[in-house]
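Scroll down for the structure; my scribbles are underneath it.
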Amino acid sequence: MLFIHHSNRSERLLDRLAEVIATPVAGPLVAERIVVPTQGMARWIAFGIAQRHGVAANLEFQLPAGFAWRLFHAQLPSVPEASGLDRATLPWRLFTLLPNLLERPGFDAIARYLQGVRPERRRFQLSRQLADLFDQYLVYRPDMILAWERGDEAGDWQAELWRAVVAAAGPTARHWAHLVEEFIALARAGRLELGRLPRRVALFGVPTLSPAYLALLAQLAEQTELHLFIHNPCREYWGDVADPRQIARRRRRTGVAGDYLTSGNRLLASWGRQGRDLIDALLEIPAEEAELFEAPEAPTLLAQLQRDILDLTEHSHPTIATTDDSLEFHRCHGPMREVEVLHDRLWALFDADPSLAPHEVVVMTPDIESYTPYLEAVFGAAPEGRRLPFAIADLAGRSAHPLIQAFLDLLALGESRFTAPQVLALLEIPAVRQRYRLDENALTALREWVREAGVRWGTSAAARADLGLPATDRHTWSFGLRRLFLGYALPPQEQLFAGVLPLGRVEGQQAADLGSLAAFLRGLERLRSRLSRPRSAAEWAELLHDLLEEFFLPSDAEEEPFALIREAIASLVDEAERAELTARFGLDVLRDDLSARLTQPSPSHNLITGRITCCAMVPMRTLPFRVICLIGLAEAALPRRRSRAGFDRMAAAPRRLDRSHRDEERYLFLEALLAARDRLYLSWVGRNQRDDSPLLPSVLVSELLDYLREGLGAEACDRLITTHPLQPFSPAAFTGPTASYAAEWLPGAQAQRSATILEPPF
């Protein structure tokens, strides 16, 4: 039986989930199966259940794709642990097959593209793009994939390429489209092994599902107890809600708008398409539905907006109190000022409301990588007594761990000019210094020696000749090291020795540091030579492990990034083996592959830690917080502009429930507005730092301001926007709307916050 639980509040959905799992259906030792969109959601559910029941144990969280594959593996014969055509192996299969297909009709454009500069790298990048596309086809266009395998569209290059991939994969070519079709046929024939099905499954907070996945769930619900917990922003039926602009376009195109189309609430119509399509599709599946809607009761502007969306109305309460600051807009000069204003504003909130705890505040931005240095500079460097506990999540590996970036930089040195800053930057990594027994003082001395020795770039005259430049060793590393070693070996003199002027800067025990620098450079030269030859995946793995052993000696604190690198190497070898890749490939391909693996953020890292969470605005992330701060909402930041390939069949002929990054991010903004319980804070770079010219915010912010301006009036709406001065010490920062939280910076201010914000035990 299928049970669908609707609510505009995730807390109410969690209450119902806790009620459902309170009574086991298959005995106390059988794990409860909960399907979630992200691991961060899983952590939040586990904490919530522990708060409601006193303990959260025997819960098995799975992602939707993993849950479906386990169903297939339990019910269908000869289903492998992983498909031979999954997203991980497809790039390598395509990389192998493409050269053999370029002579076929229809592949002319691809052949011309691959004849450009660095053809092997182009082939790998194209293979990755095609793998992404085919993976989307498997999920959202299974009918097209199966038709291709039956021989349809003969002569079409995509169909021909897919048939070649399937033929090369052989018996392991069973993929999503096949398995969904087989599972549904088995279920309709009544041949499922009921003992191998879970007795109860809960899907919580999944924002979108493909039509094939919905069909799979519909068949599963006939045999087991299936609960869908859906975040629904509106209690009314809103399947026919459309953006007023869509209605106008339809009227221009057809002459009529369609009696069934209505705008209802324009914010919901504009931002809610992703959720609307899923909820509308669920209505076509027989189910028992429960509504757990809860209207916010606070007399604030934010609550009024949420009630308008919940009731599918507009401007039901078009007045606000002059002291209402539940919805804030901040316009700043540059990202640094944004974060400074945010820090001061959060301090004001903690001062004004002692019940507000750090874990009830989240800071989200579309570009967490760009804002991390500013967050660390402002929040991390705050003076003692004004330091707010915070954690940054969703950082790519290279940003979170400098050791990973150093590893990637070593791979890039093979094509570099070995400039002095590049080489010395590698020695700044503690694990590299530890391997060569150099400390901070030694590194400071090395920088001075290298500068005085005149080292600029190039390892030797021969290395410069390889680049087609004059074979001179002036200002190379070999030139600088000769000067330093001669200066140490010879008595002080101001004359040439064998055509070299000694540089007497190294004394006594410092010779060991100079020797370490020479050993490091010899290692880099050997590495460049070894990186220049193509190798198989297994041979590259052996070389990379040697590289890690030769150049790094990590401390206990650096074991995590070291383990991530080893895992990336192991996964590369595993996927190449599953794709039956035996061909050798060059450094370009290796570096692109490892860079993609090591720059993926860890979705659950630093989420729900008891501190202020700073994270990226990504789909399936928004959870309820008392205070939600969205920063970095520049014009092109959200929704982000993404180009799609001209040969993308889904873009050319879209269908309902297709994945759209633009719709995902618009729905994410809507979810953020609904998830804020007390306050929603929005800021963007709204003034140019050089000439103070105005800069536009995200179109989503503009739509929200237009909605408020229509309901409240221009004057009341403008009071919600604060334009901050360029400098934090400007007199304007201590007057007007910002005075309430900037005044404590005034000289002679008496009030100082003395209480320490403690982190919760979890």
Inset, instruction - Determine, from the Cβ-Cβ distance of R656 and E60 and an R0 of 25 Å, the FRET efficiency 1/(1 + (r/R0)^6), rounded to the nearest 0.05. - result: 0.20
Legend entry - Inter-centroid distance (Cα atoms) of segment 116-142 relative to segment 394-440, Å: 31 Å
Inset, instruction - Could you give the size of the charge dipole of segment 456-581 about its Cα centre, using +1 on the Cβ of each K and R and -1 on the Cβ of each D and E, expressed in debye and rounded to the nearest 20? - result: 1080 debye
Inset, instruction - Give the ranking of I285, I145 by solvent-accessible surface, highest area first, calculated with a 1.4 Å probe. - result: I285, I145
Inset, instruction - Can you pull the one-decimal nm distance between simple spin-label points at S730 and R474, each 7 Å off the Cα toward Cβ? - result: 5.1 nm
Inset, instruction - Calculate one ³J(HN,Hα) per residue across segment 580-597 by plugging θ = phi - 60° into the Karplus curve 6.51 cos²θ - 1.76 cosθ + 1.60, and present them in order as whole Hz with x for glycine and proline. - result: 6, 7, 10, 5, 8, 9, x, 5, 4, 5, 4, 5, 4, 5, 5, 4, 5, 5
Inset, instruction - Describe numerically, in nm with one decimal, the distance between label points set 7 Å from Cα along Cα→Cβ at D15 and at T723. - result: 4.5 nm
Legend entry - Shape category assigned to the chain from the gyration tensor of Cα positions, a/c cut at 1.5: oblate
Legend entry - FRET E, pair A352, R641, Förster distance 56 Å, beta-carbon r, rounded to 0.05: 0.90
Inset, instruction - Go ahead and estimate [θ] at 222 nm for the chain from helices alone: -39,500 (n - 2.57) per DSSP H run with n ≥ 4, summed, over the residue count, rounded to 500. - result: -14500 deg cm²/dmol
Legend entry - Most positive-pole-ward Cα, L594, A557, L638, against dipole of segment 543-663 from beta carbon charges: L638
Legend entry - Two-decimal ratio, segment 441-588, of alpha-carbon radius of gyration to 2.2 N^0.38 Å: 1.36
Legend entry - Among A357, Q434, S326 the positive-end extreme of the charge dipole of segment 297-437 (Cβ point charges): Q434
Inset, instruction - May I ask you to list the residues of segment 663-679 whose amide nitrogen lies under 15 Å from a point 7 Å from Cα along the Cα→beta-carbon direction of D648? - result: 663-666
Inset, instruction - Grab the Cα-Cα distance for Q129 and A596, subtract it from 0.36 nm times how many residues apart they are, and report the gain in nm with one decimal. - result: 166.9 nm
Legend entry - Pair D546, V30: separation of 7 Å Cα→Cβ label points (nm): 5.5 nm
Inset, instruction - Would you kindly state how much longer the chain becomes between E284 and E182 on full extension, computed as 0.36 nm times their sequence separation minus their alpha carbon distance, in nm to one decimal? - result: 34.5 nm
Inset, instruction - Could you state the accessible area per residue of the chain in Å², with a 1.4 Å probe and every protein chain left in place? - result: 45 Å²
Legend entry - Relative contact order (%) - the chain, alpha-carbon pairs under 8 angstrom, separation at least six: 19 percent
Legend entry - Magnitude of the charge dipole, the chain, Cβ model with Lys/Arg +1 and Asp/Glu -1, debye to 20: 1800 debye
Inset, instruction - Rounded to the nearest 0.05, what FRET efficiency do R533 and N100 give with R0 = 30 Å and r taken as the Cβ-Cβ distance? Could you check? - result: 0.80
Inset, instruction - Run the accessible area of segment 312-428 with a 1.4 Å probe and give the carbon-and-sulfur part as a rounded percent. - result: 55 percent
Inset, instruction - Please check which bits of segment 625-643 a label hung off E710 would reach, taking the label as a point 7 Å along Cα-to-C-beta and the cut-off as backbone N under 20 Å. - result: 639
Inset, instruction - Name the long-range amide H neighbours of I4: under 5 Å, sequence gap of 5 or more, or other chain; modelled H, no Pro or chain starts. - result: L228, E288, E289, A290
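The values are calculated or read from the model by the stated rules, or taken from the named source; none is laboratory data. Just so it is clear, the structure is predicted and the values come from calculations on it, not from any experiment. Note: ideal-geometry Cβ built from the backbone for every residue, glycine included; neighbour counts use all protein chains shown. Note: areas computed on protein heavy atoms with side chains; ligands, DNA, RNA excluded. Shrake-Rupley method; radii C 1.70, N 1.55, O 1.52, S 1.80 Å.
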